[in-house]
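Trainee: Mind looking over this structure? Questions follow.
The values are calculated or read from the model by the stated rules, or taken from the named source; none is laboratory data. None of these values were measured; they are calculated from a predicted model. Methodologically, a virtual Cβ is constructed for each residue, glycine included, from the backbone with ideal geometry; neighbour enumeration extends over all protein chains shown. Surface accessibility is based on the protein's heavy atoms, side chains included, excluding ligands, DNA and RNA. Shrake-Rupley method; radii C 1.70, N 1.55, O 1.52, S 1.80 Å.
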Amino acid sequence: VAKNAGRNQFSFFTRSMQEKAWQRLKLIGELRNALPQHQLSLYFQPVVELRTGRVAKAEALLRWIHPSRGMVCPNQFICLAEETGLINEIGNWVFMEAAVWAKRWSKLRNGVFQVSVNKSPVQFLANAKSLDWGAYLSSLDLGWNSMSVEITEGLLLNASDATAEKLFSLRDAGVQVAIDDFGTGYSSMAYLKKFDVDYLKVDQSFIRDTTREGTSRTIAETIIVMAHKLGLQVIAEGVETEEQRQWLLEAGCDYAQGFLFSQPLPPEQFERLL
Ligand code: C2E
Ligand code: MG
Ligand code: MG
Ligand code: MG
């Protein structure tokens, strides 16, 4: 196409492609420095128990505080971290950092305060440098179930033996497992029989697109009923309005998180909220 459109078009096309490739390489180079230069940080979003309104847990969300670009959100760099393998180191750091805060907040609360971290499917692939979760958690003397890991349906759907083993080793270390963005994947749900998970997180799209009698709301309510019958707890994501909080409460949803309660916060600010 570029050739037929003439010479100028062609050179424009390649130049913009070169520019894009160059920008990408630049960002990868900068991402390599992010961890050693302490530019990564965790933000925490409260997970509220709907029945009581109490902050019951927190989700750790990764932020890259870039010296010139400002705050970079995970959707803009996690994929680069995955392509370059940097995700292993970053993932280990996220887990260790989150565990330290879980420890601190459990002490503050005089009980278990659970912090969850996100893991992309790539992080479950062959990874020699993976952390020994159990050893790390016991070195912190961290209570059973103080950590949970959020994974997406896709991971379990195509789970290899190696993936399954990694998941089981997490469970053996006392880590709980949540299915993130539930309902947006293939939802074969056969995997729920094979893998012992603890939470379903209903994707924000089912919460956001709801009017009183909408289809999304019916789907969310059905997920809640099904989860409870399977002995799982449900967390609603992306709760932004009082109306949504109200119908989720009526539907028997266990937990909710979203801007209605709080944005993700730096740890010091989160601690004040606790
Ligand atoms: P997620 O795990 O589904 O996280 C929820 C996302 O929704 C977060 O975006 C959060 O800031 C946002 N959110 C929370 N409440 C609301 C709300 O009421 N309304 C709306 N519109 N959005 C809300 P964030 O922090 O940009 O993270 C995006 C995704 O990046 C996460 O989706 C997760 O899949 C991934 N991610 C975040 N941290 C990590 C990490 O440490 N490792 C990996 N592998 N992935 C991560
Ligand atoms: Mg998540
Ligand atoms: Mg989600
Ligand atoms: Mg997501």
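Trainee: Going by the conditions given, is G231 modelled with pLDDT of 85 or more, open to solvent by less than 30 Å² (accessible area, probe 1.4 Å), at positive phi and part of a loop (DSSP other than H, G, I, E, B)? Show your work before the answer.
Mentor: Working: modelled with pLDDT of 85 or more: yes; open to solvent by less than 30 Å² (accessible area, probe 1.4 Å): no; at positive phi: yes; part of a loop (DSSP other than H, G, I, E, B): yes.
Judged against the criteria, G231 is not a match.
Trainee: On to the next question. Return only the number of the condition from (1) at pLDDT 90 or above; (2) away from ligand 3 (no atom under 16 Å from the Cβ) that S188 does not satisfy.
Mentor: So S188 meets the others, but not (1).
Trainee: Let me ask something else about it. Within segment 237-254, is there a residue that is open to solvent by 20 Å² or more (accessible area, probe 1.4 Å), more than 20 Å from the chain's Cα centre (by Cα), under 18 Å from Q114 (Cα atoms) and at pLDDT 95 or above?
Mentor: So in segment 237-254, the residues open to solvent by 20 Å² or more (accessible area, probe 1.4 Å) come out as 240-243, 245-246, 249-252, 254.
Remaining after also requiring more than 20 Å from the chain's Cα centre (by Cα): 241-243, 245-246, 249-252.
Then keep just the ones that are under 18 Å from Q114 (Cα atoms); that gives none.
No, the conditions are met nowhere in segment 237-254.
Trainee: Here is a check on your reading of the model: is Y136 crowded, with 18+ Cβ neighbours inside 10 Å and hydroxyl-bearing (S, T, Y)? Spell out the reasoning first.
Mentor: Numbers: crowded, with 18+ Cβ neighbours inside 10 Å: no; hydroxyl-bearing (S, T, Y): yes.
So Y136 does not fit the description; no.
Trainee: Could you count how many residues in segment 55-81 are in a helix (DSSP H, G or I) and either aromatic (F, W, Y) or open to solvent by less than 50 Å² (accessible area, probe 1.4 Å) (or both)?
Mentor: 4
Trainee: May I pose another question? Would you please name the residue that is farthest from the chain's Cα centre (by Cα), looking only at residues in segment 1-54 that are at pLDDT below 85 and basic (K, R)?
Mentor: Per the stated criteria, the residue is R7.
Trainee: Does Y199 meet the test of being within 14 Å of ligand 2 (Cβ to nearest atom) and among the aromatic types (F, W, Y)? Walk me through it before giving the result.
Mentor: Values: within 14 Å of ligand 2 (Cβ to nearest atom): yes; among the aromatic types (F, W, Y): yes.
So Y199 passes the test.
Trainee: T222: more than 16 Å from ligand 4 (Cβ to nearest atom) and either surrounded by fewer than 21 Cβ atoms within 10 Å (Cβ to Cβ) or more than 28 Å from A102 (Cβ to Cβ) (or both), yes or no?
Mentor: Values: more than 16 Å from ligand 4 (Cβ to nearest atom): yes; either surrounded by fewer than 21 Cβ atoms within 10 Å (Cβ to Cβ) or more than 28 Å from A102 (Cβ to Cβ) (or both): yes.
So T222 passes the test.
Trainee: Has segment 156-163 got any residue that is within 16 Å of ligand 3 (Cβ to nearest atom), closer than 17 Å to F195 by Cα, surrounded by 20 or more Cβ atoms within 10 Å (Cβ to Cβ) and modelled with pLDDT under 90?
Mentor: Filtering segment 156-163 for residues within 16 Å of ligand 3 (Cβ to nearest atom) gives 156.
Subset that is closer than 17 Å to F195 by Cα: 156.
Of the ones still in play, those that are also surrounded by 20 or more Cβ atoms within 10 Å (Cβ to Cβ) are 156.
From the residues that got through so far, the ones that are modelled with pLDDT under 90 too are 156.
Yes, segment 156-163 has at least one match.
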